[in-house]
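All remarks here apply to the structure that follows.
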Amino acid sequence: MTLRQTFRQTALRCLGTSALWAALAAPAGAATELSPAERALFTTDQLSTLRLPITLRYRFERSGSLEAGFEDQVAVAVRAQAGGGCCATAAEFLSGPRRLALPEIESAQGNPAILYFLEHDIREMQRRTKGQANYFRKRIRMAVYQGATIAEVSLPYQGRSVKAQQITIAPFLDDPLRARFEALATKRYVFTLSDAVPGGVLSIRTQVDGAGAGAPPLLAEEMSLMPAAAAVAPRQP
């Protein structure tokens, strides 16, 4: 089995078989090697160190001048599989009319919060621009594959400093269809990951700059980890 086939099977096992994930789960390019950003976001085992059962809770906030802001929550319930292995997950992404219906995952390793956030983001871009969801997925996937920057940082979490990676992409800066989606051209995604926090995802943020230097963001969304009721076990070297 090639690495390409292994990655596809791993991604689909983690995320379920829904076609919604196809463009994000498939390798981005012809190369068989995954980029460091792809490995960090899509193939890292982020759940096996959790003390089960646990519900990972994230604060979700939208702000900016484009439309009304709001605050809500995302919850990812993680439990042992029927056979005792790790892990089965179920999610509640936002609430009320904003709620995103998501399938349960019977066998997950990666934290599904990452792709759930991206699916929400893609659907919102489709709503605002009338563009094709698969096109946005492809742009994001290619940016992770060949345009991501990774920075090592230390950030506060529950009164202590933790080491983290920040992965930044800007999928639409060099978009060949930029003229059609000019409003999205400056959109940046920042994924902040840390082995020291439950579920491995500290925050995900997107931002579209406002017009002119110093202008407030046109649109910003952030999902950030809330204090957990259970601790994460140390990751083995």
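The values are calculated or read from the model by the stated rules, or taken from the named source; none is laboratory data. Source: prediction; values computed, not measured. Neighbour counts are summed over all protein chains in view; Cβ atoms, including those assigned to glycine, are modelled from backbone coordinates with ideal geometry. The accessibility values were calculated without ligands, DNA or RNA, using every heavy atom of the protein model including side chains. Shrake-Rupley method; radii C 1.70, N 1.55, O 1.52, S 1.80 Å.
Please tell me if TYR135 is of a type in the set (Ser, Thr, Tyr), out of contact with any Gly (no Cβ under 7 Å at 6 or more places or on another chain) and assigned to a helix (DSSP H, G or I).
For TYR135, the condition - of a type in the set (Ser, Thr, Tyr), out of contact with any Gly (no Cβ under 7 Å at 6 or more places or on another chain) and assigned to a helix (DSSP H, G or I) - is met.
Taking each residue of the stretch 103-119 that is closer than 18 Å to PRO198 by Cα and assigned to a helix (DSSP H, G or I) and looking for partners that are open to solvent by less than 10 Å² (accessible area, probe 1.4 Å) and not hydrophobic (A, V, I, L, M, F, W, C) with beta-carbon atoms closer than 7 Å, six or more apart or interchain, yields ALA113/TYR58; ALA113/GLY199. Considering GLN132, GLN146, GLN158, the condition of being surrounded by fewer than 19 Cβ atoms within 10 Å (Cβ to Cβ), closer than 25 Å to GLY64 by Cα and polar (S, T, N, Q) is satisfied by GLN132 alone. Looking at GLU124, is it in contact with a strand residue (DSSP E or B) (Cβ under 9 Å, 6 or more places away or on another chain), open to solvent by less than 40 Å² (accessible area, probe 1.4 Å) and either in a helix (DSSP H, G or I) or of a type outside the set (Gly, Ala, Ser) (or both)? Yes; evaluated as a whole, the condition is true for this residue. Within the span defined as the stretch 192-204, every residue fails to be open to solvent by 40 Å² or more (accessible area, probe 1.4 Å), under 21 Å from GLU119 (Cα atoms) and either of a type outside the set (Asp, Glu) or touching a Ser or Thr at 6+ places or on another chain (Cβ under 8 Å) (or both).
Of ARG13, ARG4, ARG51, which residue is at pLDDT below 90, touching a Pro at 6+ places or on another chain (Cβ under 8 Å) and more than 26 Å from GLU222 (Cβ to Cβ)?
Values: ARG13 fails: touching a Pro at 6+ places or on another chain (Cβ under 8 Å); ARG51 fails: touching a Pro at 6+ places or on another chain (Cβ under 8 Å).
When all the criteria are applied, what remains is ARG4.
Please determine whether any residue of the stretch 209-231 is touching a Leu at 6+ places or on another chain (Cβ under 7 Å), without any contact (Cβ under 8 Å) to a residue 40 or more places away in the chain and open to solvent by 30 Å² or more (accessible area, probe 1.4 Å). Yes, the stretch 209-231 contains a residue that is touching a Leu at 6+ places or on another chain (Cβ under 7 Å), without any contact (Cβ under 8 Å) to a residue 40 or more places away in the chain and open to solvent by 30 Å² or more (accessible area, probe 1.4 Å). Applying the criterion of being in a strand (DSSP E or B) and polar (S, T, N, Q) to the residues of the stretch 161-191, the residue that is most open to solvent (accessible area, probe 1.4 Å) is SER161.
Every residue, every condition in (1) farther than 21 Å from LEU115 by Cα; (2) modelled with pLDDT of 95 or more; (3) open to solvent by 80 Å² or more (accessible area, probe 1.4 Å); (4) part of a strand (DSSP E or B), yes or no:
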residue: THR55; (1), (2), (3), (4): no, no, no, yes
residue: ARG59; (1), (2), (3), (4): no, yes, yes, yes
residue: GLU67; (1), (2), (3), (4): yes, no, no, no
residue: ASP72; (1), (2), (3), (4): no, yes, no, yes
residue: GLY84; (1), (2), (3), (4): yes, no, no, no
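Among residues of the stretch 167-189 that are closer than 14 Å to LEU219 by Cα, those with a beta-carbon under 6 Å from a residue that is assigned to a loop (DSSP other than H, G, I, E, B) and of a type in the set (Asp, Glu) at least six positions away or on a different chain give the pairs THR186/ASP209.
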